[in-house]
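The values are calculated or read from the model by the stated rules, or taken from the named source; none is laboratory data. On a predicted model such as this, the values are computed, not experimentally measured, just so you know. So basically every Cβ, Gly included, is an ideal-geometry build from the backbone, and we count neighbours across all protein chains shown.
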Amino acid sequence: MKPKISLITLGVRDLKAATAFYKKLGFPVAKESNEHITFLTLEGTWLGLFQREELAKDAMVDAEGTGFKSFTLAHNVGSPEAVEAVLKEAVAAGGKLEKKARKAEWGGFSGYFRDPDGFLWEVAHNPFMDLT
């Protein structure tokens with residue numbers, strides 16, 4: 001197996017609303033999208049948005065998972081100021097600020113927001129490695 005993630009798919013409650021949120025953040029919608037799934041093209045991977053119940057059905061699992069999902073998505077930027085700006089943009093688009101940006105224990109600068117379906121996004125500046 002190649003060490004690569006080609007697509008991350010989020011199970012969302014309202015596909016139109018989730019698509020609108022990510023479009024407000026500047027995520028480009030791929031032409032392969034349709035009324036059942038939205039594909040957002042990122043650098044190096046794609047993000048898929050799919051109705052939560054249908055995604056659970058496809059995986060043959062219960063759709064009612066709750067609480068912390070044991071993962072976060074991360075968006076790295078070039079400066080602490082950019083962290084603040086992206087968090088403000090996410091909140092303006094309909095996200096919820098979970099952790100205000102601040103100096104991190106590991107030496108960087110980061111904060112967290114939740115998208116409208118509760119998925120946690122870390123926005124971080126890592127001065128030790130370029131993840132931008």
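In the set ALA101, ALA85, which member is within 26 Å of ASP130 (Cβ to Cβ), hydrophobic (A, V, I, L, M, F, W, C), modelled with pLDDT of 95 or more and touching a strand residue (DSSP E or B) at 6+ places or on another chain (Cβ under 7 Å)?
On inspection, the qualifying residue turns out to be ALA101.
Would you mind telling me which numbered condition in (1) under 25 Å from GLY111 (Cβ atoms); (2) surrounded by 12 or more Cβ atoms within 10 Å (Cβ to Cβ) GLY26 fails?
Checking GLY26 against (1) under 25 Å from GLY111 (Cβ atoms); (2) surrounded by 12 or more Cβ atoms within 10 Å (Cβ to Cβ), the one that fails is (2).
For the stretch 82-103, which residues satisfy the criterion of being surrounded by 18 or more Cβ atoms within 10 Å (Cβ to Cβ) and in contact with a Phe, Trp or Tyr (Cβ under 8 Å, 6 or more places away or on another chain)?
VAL83, LEU87, ALA90, GLY95, ALA101
When the residues of the stretch 4-47 are narrowed to those that are over 17 Å from GLY95 (Cα atoms), polar (S, T, N, Q) and within 14 Å of the chain's Cα centre (by Cα), which ends up modelled with the highest pLDDT?
Here the answer is THR38.
Those residues that are surrounded by 10 or more Cβ atoms within 10 Å (Cβ to Cβ) and basic (Lys, Arg), I need them from the stretch 30-81; list them, please.
Passing the criteria: ARG52, LYS57, LYS69.
Taking into account only those residues within the stretch 104-119 that are modelled with pLDDT under 95 and under 14 Å from PHE21 (Cα atoms), which is surrounded by the most Cβ atoms within 10 Å (Cβ to Cβ)?
The selected residue is PHE119.
Tell me, which strands (runs of 3 or more DSSP E) wholly within the stretch 48-132 include 3 or more residues that are over 20 Å from VAL29 (Cα atoms) and of a type outside the set (Lys, Arg)?
Passing ranges, in order: 96-103, 109-114, 120-125.
For the subset of the stretch 93-129 comprising residues that are in contact (Cβ under 8 Å) with a residue 40 or more places away in the chain and more than 12 Å from the chain's Cα centre (by Cα), which member is farthest from ARG13 (Cα to Cα)?
The extreme case among them is ASN126.
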